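The values are calculated or read from the model by the stated rules, or taken from the named source; none is laboratory data. Just so it is clear, the model here is predicted, and its values are computed rather than measured. We place every Cβ from the backbone using ideal geometry, glycine too, and count neighbours over all the protein chains shown.
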Amino acid sequence: MSTQTANQTVLVTGASSGIGQGIAIAFGQKEANVIVNYHSDEDGARQTLDEIEKGGGKGFICKADVSKEEDVARMFQAALEAYGTVDVLVSNAGIQQDSAFAEMTLDQWNKVMNTNLTGYFLCAREAIKIFNQKGEAGPDDKAKGNIIFMSSVHDIIPWAGHVNYASSKGGILMLMKSLALEVAPKKIRINAISPGAIATDINEDVWNDEEKRKELLKLIPYKRIGKPEDVAKVAVWLASPDSDYVTGTTIYVDGGMTLYPGFVNNG
Ligand code: NAD
């Protein structure tokens, strides 16, 4: 399978750690130009860029808060100035602010929505504007732009104590599908990846604690916690011409977490 990404310009949000870092590095290894967005961890972003360059890619780091319209506009402008275009957006930056529902503050609700949903809208809108400038594409042409939204199994698995997070991910599902429908005639593809449990900073308290880890593994029929590379390989494929007929779809990268693991022993 060829996953041609050489010379593609790829913008990855939240690329200073975890899944975003893994994805940015994977594109770097395919010799893409990668814009490494970060929010606060400049060292992490530099590490990502080092790995991209070691892998044969190029890029630059760009500080921007994806929930701020002016930051997002500035980041895409910087990409245009550096590389003339953007071919792929991986909208990945996301947060959790967990709370029992009755105690959830409006601030916790808003922070999660602003980053996980509004941030995805703002980045996708800038990407679509750039894709639209690429001119008409014929029916037999490959996609002129790709967006990959990092969602979660919690776009379909309800999650007590995390209503804000699950609501944001459920929102991404319809953002992805409705936008995919709107821009498919322009040969722009929109897809989502929904990871299960991937060991990153966001859930370190779980995979780093023996008891919690054991409990988590009960939810994973494939019996291992995922790695950022598991997700990164799918992202590279989704941005490549090999997946050219795939749009409006979510790929669950979850070791079977969405398969109702409680039924694994005959129910
Ligand atoms: P992570 O905490 O390592 O990464 C999240 C990244 O988003 C960080 O680099 C953070 O700095 C960045 N970020 C947060 N707010 C931002 C903002 N306003 N602007 C720009 N960047 C911002 O965790 P991760 O697991 O790598 O998460 C990446 C994505 O994957 C998230 O959308 C998360 O919801 C999703 N996800 C993760 C898992 C998992 O098990 N790790 C499972 C399902 C979905």
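Miscellaneous remarks
- Filter pass, Ala79 being buried (at least 24 other Cβ atoms within 10 Å of the Cβ), over 16 Å from the mean Cα position of the chain (by Cα) and farther than 21 Å from Ile193 by Cβ: yes
- Residue match in region 224-246 (condition: touching a residue at least 40 places away in the same chain (Cβ under 8 Å) and under 18 Å from Trp159 (Cα atoms)): no
- Within region 239-267, considering residues that are on the phi > 0 side of the Ramachandran plot and modelled with pLDDT of 95 or more, the one surrounded by the most Cβ atoms within 10 Å (Cβ to Cβ): Gly255
- Count of residues meeting criterion [out of contact with any Ser or Thr (no Cβ under 7 Å at 6 or more places or on another chain), at positive phi and modelled with pLDDT of 95 or more] in region 1-30: 1
- Close pairs (6 angstrom Cβ cut-off, 6 or more residues apart or separate chains): closer than 15 Å to Gly161 by Cα in region 103-118, part of a helix (DSSP H, G or I) and away from the ligand (no atom under 14 Å from the Cβ) anywhere: none
- Considering residues of region 93-117 that are part of a helix (DSSP H, G or I) and charged (D, E, K, R) only, the residue farthest from the ligand (Cβ to nearest atom): Glu103
- Here Lys177 clears all of (1) of a type outside the set (S, T, N, Q); (2) out of contact with any Gly (no Cβ under 7 Å at 6 or more places or on another chain); (3) within 21 Å of Ile251 (Cβ to Cβ) except the condition numbered (2).
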